[in-house]
1. Give me the percent relative contact order of chain A, please, defined on Cα pairs under 8 angstrom at least 6 residues apart.
2. Taking a quarter of the surface of the Cα convex hull of region B:230-367, what do you get in nm²?
3. Which percent, to the nearest 5, of DSSP beta bridges fully inside chain B are antiparallel?
4. How many nm is it between the label spots at A:Val94 and A:Val36, if each spot is 7 Å from the Cα in line with the beta carbon?
5. So how much accessible surface do A and B hide from each other in total, probe 1.4 Å, in square angstrom to the nearest 100?
6. Using each residue's phi in region B:286-296, evaluate 6.51 cos²θ - 1.76 cosθ + 1.60 at θ = phi - 60° and report the 3J(HN,Hα) Karplus result to the nearest Hz, with x for Gly and Pro.
7. Using +1 at the Cβ of each Lys and Arg and -1 at the Cβ of each Asp and Glu in the protein assembly as shown, identify which of A:Ala211, B:His194, A:Gly174 lies farthest towards the dipole's positive end.
8. When DSSP assigns beta bridges and you keep just the ones with both residues in the protein assembly as shown, what percent turn out antiparallel, to the nearest 5?
Amino acid sequence: MNLLWDWLSDPANWDGPYGIPVRVVEHLGYSAVTLVLAALIGIPLGLWIGHTGRGRVLVVNLVNGMRSVPTLGLLFVAVLVVGPLLGGDIAFLVPSIFVLVVLAVPPILAGAYAGVEGVDPGARDAARGMGMRPAEVLVRVEVPCAMPLIFSGLRSAALQVVATATLAASVSLGGLGRFLIDGQAYRDYGQMAGGALLVAALAMLVDLVFAGVQRLVVSPGLSPVRATRRDRRRQPTGVLDAAVAHQT
Amino acid sequence: MISFTDVTKVYPGGTTAVGGLSLVAPTGKITVLVGPSGCGKTTSLRMINRMIEPTSGTIEIDGRDTATLDPNELRRGIGYVIQSGGLFPHRTILDNVATVPLLLGWSRTRSRQVAAELLERVGLAPELGKRYPNQLSGGQQQRVGVARALAADPPVMLMDEPFSAVDPVVREQLQDEFLRLQAELGKTIVFVTHDIDEAIKLGDQVAVLRVGGVLVQLASPAKLLADPHDDFVADFLGRDRGYRGLAFAAAPELPLRDEPVVLLGSPVADGARIAAGDRWVLVVDEARSPLGWAEPEVLTGVIDRHHLHRGGTVARLGGSLRAALDAALSSPSRRGVLVDDDGSLVGTVRAQDVLAAIERRPEGAPA
Ligand SMILES: Nc1ncnc2c1ncn2[C@@H]1O[C@H](COP(=O)(O)OP(=O)(O)OP(=O)(O)O)[C@@H](O)[C@H]1O
Ligand SMILES: [Mg+2]
């Protein structure tokens, strides 16, 4: 505990090109690039599969298959294959991001797919029945209704990516993983614990940001609560409504 | 006017859902499709707005073959209420109702304004417009479904069991409001239900379908009750057909009796005096609206609301024979209470007089 505190409170660790802030920014950089790429792949694919109902089997197999890939092993293979084709840091960066994307796509894809698949068939039918074209049904009904699950896919991907982006350090890149790798090399347990703590804190922070965005983007009508507290206070006669709803 | 000409739908797999259906749904009227589960009602309905394409035959709306129209354009001009409601959970009630106007390119302000007017029309408080569908009761949601289908003021409405997901009391209320609304709007409506009572109550004409989508009988409710085409229709209509048929027969002039009345809150002694030896006396309020029957002999003090026998139904003067007969049959005094359109008492009638009126009708006349 003392070692951890000593390391965290040492001003030298917060300064310079190898200081904590720089590593945090690097770490966030890898994570952000990964999430954007994974979202660009996973969301449209998931929406398309959910909308058309085609390729459902693909989702299940892909998701399970990708989950069982050993991340670190894949990273080394990718570095061996792709590395020689590129030069400098890029030779390590591209494989690292690739591996992280492989990790992030399944939850995002699954979320988008499940979100669209789970839209009330009645709502979809009504949308078509009032003359919406397929693209309008997707944009105006299916996507907004799928938002809660799209977000939960993104959030679980974000947690995994932030936690796993530490592996970039194992192929000599930066990020918070540096503290883990270097700490282990120098048997500096304070640094290792500090790095781990920072990763956890960053993951939580990122999740919090996503939660905030989700609140702004997702319609309150999709939250599971029946009535907001304010509504209940304003509507003391709601009991009768609730009773009627109960019988249906 | 919507006309089906020899329309057939065979689903992939070989089920013939609709077999050679020909019928006309006249402009401004309610045509009800009724029949047992799986008889092709929904399929028939959804072929009108081309949610399902017929295998053969033609469907025309005001003389235009729907097959030649763009399906999305067609649907934007037809109100469609689906059974499960199908409200959009992510939109407020107001925005749900405003959906079609917005699709048609109306301004946001105008769409919302129209939506707000419609909410009022279907009997929903304006505050509900700000809520989301999951904050409404089942009955309220079904009203929203109807309002949403009405929003762009389409001349044609398709309604698939719109009131089936609510309990009987609310259903009855929704049906009454629906009829009142239709009296104002005069839409051309095709209405699907598996409930024969609903069909008889709402339909200007009722089409009874048999499994396989075969039309067995197309007739007015009164004609249907009086003269079912075959055993299938008769069985489907169920019991009490003669009595139920009276609902469609306007009561002729009935011999009314002046009924002595006592005001609520009067001393029981007054009631006894007015009853003049009769066991029951009719209690009214200041507007002469009948409140119920009281039995002065067993009461003391003043006549209070909870003293009243409320079993008797009240019939409207000029209403149906069924209502008049039921008023007489349900009254503890055997005298059926008749009121005018404002709900104030005009007199009472006895069952034998209603029966005499029924007897006097020409023989074999549809009720
Ligand atoms: N998409 C479909 N594919 C194959 N068969 C279908 C399909 N939709 C309906 N059917 C069949 O067509 C027949 C008529 O179905 P339809 O939904 O029109 O019945 P319905 O009269 O509306 O019944 P309900 O009162 O139960 O709603 C049924 O036998 C049904 O199983
Ligand atoms: Mg049906």
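The values are calculated or read from the model by the stated rules, or taken from the named source; none is laboratory data. Everything numeric in this text was worked out from a predicted model, so none of it was measured. Note that we place each Cβ from the backbone using ideal geometry, even for glycine, and neighbour counts take in every protein chain shown. Each accessible area value is taken on the protein alone, full model and side chains, heavy atoms only, with ligands, DNA and RNA left out. Shrake-Rupley method; radii C 1.70, N 1.55, O 1.52, S 1.80 Å.
1. On the way: 282 pairs, mean separation 61.2, N = 248.
It rounds to 25 percent for chain A.
2. Details: hull surface 38.1 nm².
Averaged projected area of region B:230-367's Cα convex hull equals 9.5 nm².
3. Numbers: 31 of 55 bridges.
Antiparallel bridges make up about 55 percent of those DSSP assigns within chain B.
4. My value for the distance between the label points is 1.8 nm.
5. Values: alone 14580 and 17550 Å², together 29300 Å².
It comes to approximately 2800 Å² buried between A and B.
6. These are the phi-based 3J(HN,Hα) values: 4, 7, 6, 7, x, 10, x, 9, 10, 10, x Hz.
7. Going by the Cα projections, it comes out as A:Gly174.
8. Numbers: 31 of 55 bridges.
Within the protein assembly as shown, antiparallel bridges account for around 55 percent of the total.
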